[in-house]
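To start, the structure under review is shown below, and the notes come after it.
The values are calculated or read from the model by the stated rules, or taken from the named source; none is laboratory data. Owing to the predicted nature of the structure, the values given are computational and were not obtained by experimental measurement. Counting neighbours? That spans all protein chains shown, and the Cβs are built from the backbone with ideal geometry, glycine included.
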Amino acid sequence: MSNMRGSVLMVAAMGGFALEDMFIKRTAKVLPVGEILMIFGLAGMLAFIVMALWRRERVLHPAIASWPILLRAIAEVAGRLGYTLAIALTPLSNASAILQATPLVVVAGAALIFGEKVGWRRWAAIGAGFLGVLIVLRPGMEGFQLASLFTVLGMLGFAGRDLATRAAAPVLSNLQLGIYGFFMLIPTGAALLLVTGGAAMPGAPEVLGLALATLFGVASYWGLTAAMRMGEVSVITPFRYTRLVFALVLAVLVFGERPDAPMLAGSALIIASGLYTLARARKARRAARG
């Protein structure tokens with residue numbers, strides 16, 4: 001029963017993240033990305049501070065003064081900046097498809113950095129997933145968009161954040177990590193504004209859009225965390241890929257996008273590779289338990 005509840009919660013969280021992306025993309029048509037990052041970071045940070053205080057957790061913990069947290073902050077900046085620029089400048093369907101390769105990068109990073117054992121089958125699946133990314137990107141072909149590389153930056157940043165989280169002190173809660181992660185978006189957005197130009201006065205639609213993006217983002221973050229703690233990770237994790245389904249629906253209905261055959265084929269290859277990698281990891285854990 002816990003697996004069922006966790007799966008439903010994971011699907012709901014992925015739908016929420018897709019809605020967050022949609023509202024950010026719509027707002028980016030009026031406001032510069034730097035300003036969006038600043039407002040989104042401030043609102044998200046305040047939301048996590050409220051939740052942390054409600055659970056009687058410290059807002060500033062001494063454990064944040066560590067290399068894993070510094071590396072996590074840098075990766076968070078790269079992930080958020082890259083992905084926000086990607087969904088602002090490229091089709092939402094393409095950006096969401098490439099983002100699905102993040103778990104594959106995490107598996108590869110865990111093997112290379114933490115020495116986790118990854119067999120040749122999973123390495124082959126990781127390679128196939130990266131091939132799927134190339135199919136979506138189409139470098140050197142007519143459909144290639146240079147701005148799509150921002151999505152790759154975002155994917156690598158989010159994978160680095162997840163890897164750094166593994167190395168972070170266990171005394172830090174997910175809420176505390178959320179506070180520090182969203183805080184980093186404020187100076188990042190300010191620096192981007194200095195480079196790209198001044199801020200614009202947001203109107204009521206932009207304020208509402210960013211408020212809804214923050215609401216769905218924070219709620220989905222909580223749902224993701226709760227889902228992973230509620231059931232078996234090997235059962236719950238595959239439902240992360242439903243985010244692409246929600247993104248495709250929103251891309252078509254809201255932005256009038258028409259995903260083509262290479263994009264769909266690359267997406268299918270990425271998801272199949274991720275699911276196979278999860279299945280092999282589950283089998284390896286069962287074999288280790290004897």
* Among the numbered conditions (1) surrounded by fewer than 19 Cβ atoms within 10 Å (Cβ to Cβ); (2) modelled with pLDDT under 90, tell me where Ser148 comes up short. => (1)
* Asked: How do the pairs read when you match residues in the stretch 28-55 that are in a helix (DSSP H, G or I) with residues anywhere that are basic (Lys, Arg) and surrounded by fewer than 18 Cβ atoms within 10 Å (Cβ to Cβ), using Cβ under 9 Å and keeping only pairs 6 or more apart or on different chains?
  -> Ala52/Arg58
* With respect to Leu156, is the statement that it is surrounded by fewer than 22 Cβ atoms within 10 Å (Cβ to Cβ), part of a helix (DSSP H, G or I), modelled with pLDDT of 90 or more and over 15 Å from the mean Cα position of the chain (by Cα) true? -> no
* Of the residues Ala272, Ala227, Ala251, Ala265, which single one is crowded, with 17+ Cβ neighbours inside 10 Å and either modelled with pLDDT of 90 or more or touching a His at 6+ places or on another chain (Cβ under 9 Å) (or both)? -> Ala251
* Asked: Residues in the stretch 75-86: is at least one of a type in the set (A, V, I, L, M), under 12 Å from Phe182 (Cα atoms) and surrounded by fewer than 22 Cβ atoms within 10 Å (Cβ to Cβ)?
  -> yes
* To do: Report, ordered by the first and then the second residue, all pairs with beta carbons closer than 7 Å, sequence separation of six or more or different chains, a first member in the stretch 198-222 that is in contact (Cβ under 8 Å) with a residue 24 or more places away in the chain, and a second member that is in a loop (DSSP other than H, G, I, E, B).
  => Ala199/Pro32; Ala200/Val30; Ala200/Leu31; Ala200/Pro32; Pro202/Leu31; Glu206/Val30; Glu206/Leu31
* Structure fact -> Ala265 passes all but one of the listed conditions (1) within 22 Å of the chain's Cα centre (by Cα); (2) farther than 22 Å from Ile135 by Cβ; the exception is number (2)
* Looking only at the stretch 53-92, count how many residues are among the aliphatic types (A, V, I, L, M) and under 26 Å from Gly15 (Cα atoms). => 11
